[in-house]
Amino acid sequence: MFRNATAICLHLVGPLWGKKSGASLTRCLHQTFTMAKRLQARRLDGIDQNPWVEFVKLASEEADVVNLGQGFPDFSPPEFAVEAFQHATSGDFMLNQYTKAFGYPPLTKILASFFGKLLGQEIDPLKNVLVTVGAYGALFTAFQALVDEGDEVIIVEPFFDCYEPMTLMAGGRPVFVSLKPSPTQKGEPDSSSNWQLDPTELASKFTSRTKAFILNTPNNPLGKVFSREELELVASLCQQHDVVCITDEVYQWLVFDGFQHISIASLPGMWERTLTIGSAGKTFSVTGWKVREYGGMGSPPSTIVGGRGWPGNPERVWLGPQGPHPLPMFLVQVGWVLGPDSLMKHLRTVHQNSIYHCATQCQAAVAQSFEREQLHFGQPSSYFVQFPQYIQRCRDHMIQSLQSVGLRPVIPQGSYFLITDISDFKNKMPDLPGAADEPYDRRFVKWMIKNKGLMAIPVSTFVSVPHQKFFDHYIRFCFVKDESTLRAMDQKLQKWKAELMP
Ligand code: PMP
Ligand code: GLN
């Protein structure tokens, strides 16, 4: 990466500085910086590994790998969201400038009215809404604002991996409680609703030092949608022990089989102690609307090419005015936090002293997209109605395909992920290459990427180190994929199946 950076820098500075200074710049970039003092802040200890960085890189090193690992849709966002973005980037020139620190007013206003109805709460756009750089930004701001040195944070595992490092960076102590599957009838597929918390064990995790409970429903990676009874138990424990609930609901629209997403903030007495986090990336299938350059394995190319509607609605083909339309390389993703002013004021303090402001044009596009959804809410034309229907078909397709090679998917009721049991493979080929202490699922995924051309994510990534041994026979697949990607998966799986034949 530094070589590329050097090449780019030399290309830029060469003509200005002459060859000689270009060469010294190269030397400078290749020298390792050392310092007698400890260099990195202690808060970085033990968190330098990241599964997305690691596995995306691994898959990009092999030719022809179907990426079913990282969670992003590989099809166009809905036409109305793309149009809203085009409108924001080509319209009012003031959208190129800073907007209000805590959110572009039309966005905070529509978020307040949209979620106010869903949560049964009067939401003040100025006091109860904060716009952030994605749900990642929302989570980071919340942890920094509320978690102090020595505070305990309860995390339900398997969990979206960033909760643990974010707790540690804030000086907190993660306390884990595992969802466990109950036995299934022989031959019956497992289901994420079968994975539950043991109420006694859960209660035992709450102490006088507990500051926050992290909830994620629908859950990544399991796809579990927490039931009202389960949420009521969490709510009563949070109230009893005076604990804040940070609830990550980025997949709230992706719920299947008639299951219902319930926001814990809507339960009696919970609004006052809950931060509810959402993401435009998940809501409108635009995970790239974030400060980063497109590119790299699995990311869209440097232009988003229209011309293909999103698969759930293929007849609504989006074409830019002059055909395929290149969108700017640097886009910003939008996330948000909703909560009572007593909590939000501390998040605003972190935000105003760190990020300060999120890209105005993206906020304008998200505002317009929500305004459209509000008009269509609950109707067949709503993206929030159509999208889960399409994704449920992708889920069912993937389940059947994985079962055909002897994998045993746990059927998810929400999100766009499923985990699958690989015990049969673990029994048949226990000695896959890898370090002796490397969990089996990690070795299996590396083997699968190299030998089967399929990428998934090991589930031990989503659990605490002491519990990895209980989860190392699961891997996670992502099914928010175009039909062509699912067909490419089928081809790989059929080849795999043929190799398994005696
Ligand atoms: N929470 C969960 C459960 C996620 O899966 C993700 C990953 N996309 C995020 C938060 C981060 O979302 P965003 O891309 O909006 O930052
Ligand atoms: N949230 C996404 C997932 O779970 C990816 C996050 C990332 O790539 N950093 O797959």
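The values are calculated or read from the model by the stated rules, or taken from the named source; none is laboratory data. Quick caveat, the model's predicted, so the values are computed rather than measured. Backbone-built Cβ (ideal geometry, glycine too); neighbour counts: all protein chains shown. Surface accessibility is based on the protein's heavy atoms, side chains included, excluding ligands, DNA and RNA. Shrake-Rupley method; radii C 1.70, N 1.55, O 1.52, S 1.80 Å.
Taking the range 392-481 and the helices (runs of 4 or more DSSP H) fully enclosed by it, the elements with 2 or more residues that are surrounded by 22 or more Cβ atoms within 10 Å (Cβ to Cβ) are at 440-452.
Just wondering, is there one or more residues in the range 369-382 that are assigned to a helix (DSSP H, G or I), farther than 20 Å from Thr283 by Cβ and not charged (D, E, K, R)? Within the range 369-382, not a single residue is assigned to a helix (DSSP H, G or I), farther than 20 Å from Thr283 by Cβ and not charged (D, E, K, R). Within the range 61-84, restricting attention to residues that are assigned to a loop (DSSP other than H, G, I, E, B), under 27 Å from Phe387 (Cβ atoms) and aliphatic (A, V, I, L, M), the residue that is farthest from ligand 1 (Cβ to nearest atom) is Val65.
With the structure loaded, tell me whether Ser263 is of a type in the set (Gly, Ala, Ser), more than 16 Å from ligand 2 (Cβ to nearest atom) and under 21 Å from the mean Cα position of the chain (by Cα) or whether it fails that test. In short, yes.
The number of residues in the range 122-139 being hydrophobic (A, V, I, L, M, F, W, C) and within 16 Å of ligand 2 (Cβ to nearest atom) comes to 4. Of Ser178, Ser192, Ser204, all but one fail to be more than 30 Å from Gln144 (Cβ to Cβ) and either open to solvent by 20 Å² or more (accessible area, probe 1.4 Å) or not aromatic (Phe, Trp, Tyr) (or both); the exception is Ser192. Return yes when Phe93 is of a type in the set (Phe, Trp, Tyr) and more than 24 Å from the chain's Cα centre (by Cα) and no when it is not. The answer is yes for Phe93. Scan the range 446-479 for residues that are at pLDDT below 95 and within 15 Å of ligand 1 (Cβ to nearest atom) and the total you get is 0.
Here's the yes/no breakdown for (1) touching a residue at least 40 places away in the same chain (Cβ under 8 Å); (2) part of a loop (DSSP other than H, G, I, E, B):
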residue	(1), (2)
Pro183	no, yes
Gly187	no, yes
Glu201	no, no
Ser208	no, yes
Lys211	yes, no
Pro221	yes, yes
Lys224	yes, yes
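Selection of the range 140-172 for residues being more than 16 Å from ligand 2 (Cβ to nearest atom), among the charged types (D, E, K, R) and not in a loop (DSSP other than H, G, I, E, B) yields only Glu152.
In the range 46-55, the residue that is nearest to ligand 1 (Cβ to nearest atom) out of those that are touching a residue at least 24 places away in the same chain (Cβ under 8 Å) and over 17 Å from the mean Cα position of the chain (by Cα) is Ile47.
Would you confirm, using the coordinates I've provided, whether His357 is open to solvent by 10 Å² or more (accessible area, probe 1.4 Å), within 24 Å of the chain's Cα centre (by Cα) and under 30 Å from Arg273 (Cα atoms)? Yes, satisfied. Residues that are at negative phi, among the β-branched types (Val, Ile, Thr) and touching a Phe, Trp or Tyr at 6+ places or on another chain (Cβ under 8 Å) do not occur anywhere in the range 170-181.
The set of residues in the range 216-231 that are surrounded by 24 or more Cβ atoms within 10 Å (Cβ to Cβ) and on the phi < 0 side of the Ramachandran plot comprises Asn216, Thr217, Pro218, Asn219, Asn220, Pro221, Leu222, Lys224, Val225, Phe226.
Taking interchain pairs and intrachain pairs at least six residues apart, which have beta carbon atoms under 8 angstrom, with the first residue in the range 85-102 and in a loop (DSSP other than H, G, I, E, B) and the second polar (S, T, N, Q)? Pairs found: Gln97/Thr360; Tyr98/Thr360; Thr99/Thr360; Thr99/Gln363; Lys100/Thr108; Ala101/Gln352; Phe102/Thr108; Phe102/Gln352.
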